[in-house]
1. Within the stretch 90-100, identify whether any single residue is among the small types (Gly, Ala, Ser), out of contact with any strand residue (DSSP E or B) (no Cβ under 9 Å at 6 or more places or on another chain) and modelled with pLDDT of 95 or more, and answer yes or no.
2. Identify all residues within the stretch 19-40 that are in a helix (DSSP H, G or I) and open to solvent by 80 Å² or more (accessible area, probe 1.4 Å); write none if there are none.
3. Enumerate the pairs (first residue in the stretch 47-76 and over 15 Å from Asp7 (Cα atoms); second residue anywhere and of a type in the set (D, E, K, R) and surrounded by fewer than 19 Cβ atoms within 10 Å (Cβ to Cβ)) with beta-carbon separation below 6 Å, excluding pairs fewer than 6 apart on the same chain, so at least 6 apart or on different chains.
4. Taking the stated definitions as given, is Leu161 touching a Leu at 6+ places or on another chain (Cβ under 9 Å), open to solvent by 50 Å² or more (accessible area, probe 1.4 Å), of a type in the set (A, V, I, L, M) and part of a loop (DSSP other than H, G, I, E, B)?
5. Only one residue in Asp2, Asp30 is over 30 Å from Pro146 (Cβ atoms) and either of a type in the set (D, E, K, R) or in contact with a Cys (Cβ under 6 Å, 6 or more places away or on another chain) (or both), so which one is that?
6. Assess whether Ser174 counts as being over 21 Å from Phe61 (Cα atoms), among the hydroxyl-bearing types (Ser, Thr, Tyr), in contact with a helix residue (DSSP H, G or I) (Cβ under 9 Å, 6 or more places away or on another chain) and at pLDDT 95 or above.
7. Mind checking which residues of the stretch 128-157 are within 15 Å of the chain's Cα centre (by Cα) and of a type in the set (A, V, I, L, M)?
8. Only residues that are under 19 Å from Glu9 (Cα atoms) and without any contact (Cβ under 8 Å) to a residue 60 or more places away in the chain: list them for the stretch 111-150, please.
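The values are calculated or read from the model by the stated rules, or taken from the named source; none is laboratory data. Here the structure is a predicted model, which means the values were calculated and not measured. In this analysis, Cβ positions are derived from the backbone assuming ideal geometry, glycine residues included, and neighbour counts consider all displayed protein chains. In case anyone asks, the SASA skips ligands and DNA or RNA and just uses the protein heavy atoms, side chains included. Shrake-Rupley method; radii C 1.70, N 1.55, O 1.52, S 1.80 Å.
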Amino acid sequence: MDGVLADFEGGFLKKFRARYPDKPYIALEDRRGFWVSEQYGRLGPELSEKAISIWESKNFFIELDPLPGAVEAVKEMANLADTDVFICTSPIKKYHYCPYEKYAWVEKHFGPEFLEQIVLTRDKTVVSADLLIDDRPDITGAELNPTWEHVLFTACHNKHLQLKPPSRRLHSWSDDWKAILDSKRLPPGQAT
């Protein structure tokens with residue numbers, strides 16, 4: 001959800017600069033690596049904790065803006081024949097606000113019918129699916145060979161990564177996500 005549907009990076013930077021206007025920050029074009037707190041920690045040891053405090057705060061997740069085209073694409077995807085869409089998202093470890101706000105965010109942007117489509121898990125490898133569109137380049141967990149193909153969603157922190165074939169990337173929601181879905185479908189007449 002974060003970084004694929006919701007603008008985690010933009011929301012974080014806006015709130016970090018508002019809360020800590022005199023502290024150094026990392027512009028989105030300079031972000032590298034999935035973990036924001038690690039890169040901020042390299043700027044200064046206290047900045048890692050300050051970064052973490054942003055997404056642990058009340059209203060962080062609920063106030064994130066959707067990424068351009070995300071809501072429309074997922075709603076269209078959910079209406080395709082023979083397509084089940086789930087929003088798979090990981091809660092942060094300090095979970096006081098995060099799970100509730102993620103559910104509230106989905107309801108706000110997708111409607112109450114999508115609440116049944118949320119999978120909240122710290123380990124996405126145990127989820128059974130054909131595709132997982134995610135901005136994290138390295139998804140690991142209990143299942144060494146997940147059932148899904150990981151499609152890397154381009155974000156400021158991973159745009160510089162070169163993928164090795166057969167890995168695929170979805171650059172944005174204006175990219176041809178339908179072709180990626182269609183590539184996983186069986187040819188007509190072939191039994192499942």
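1. Kept after step one, since they are among the small types (Gly, Ala, Ser), are these residues of the stretch 90-100: 90.
If we keep only those that are out of contact with any strand residue (DSSP E or B) (no Cβ under 9 Å at 6 or more places or on another chain) as well, we get none.
The answer is no; no qualifying residue exists.
2. Result: Arg19, Glu29, Asp30, Glu38.
3. Hits for this filter: Glu56/Lys94.
4. On the way: touching a Leu at 6+ places or on another chain (Cβ under 9 Å): yes; open to solvent by 50 Å² or more (accessible area, probe 1.4 Å): yes; of a type in the set (A, V, I, L, M): yes; part of a loop (DSSP other than H, G, I, E, B): yes.
So Leu161 passes the test.
5. Working: Asp2 fails: over 30 Å from Pro146 (Cβ atoms).
Answer to the selection: Asp30.
6. Values: over 21 Å from Phe61 (Cα atoms): yes; among the hydroxyl-bearing types (Ser, Thr, Tyr): yes; in contact with a helix residue (DSSP H, G or I) (Cβ under 9 Å, 6 or more places away or on another chain): yes; at pLDDT 95 or above: yes.
When the stated conditions are applied, Ser174 passes them.
7. Within the stretch 128-157, Leu131, Leu132, Ile133, Ile139, Val151, Leu152, Ala155 meet the criteria.
8. Restricting attention to the stretch 111-150, the residues satisfying the condition of being under 19 Å from Glu9 (Cα atoms) are 133-139.
The answer is Ile139, and nothing else.
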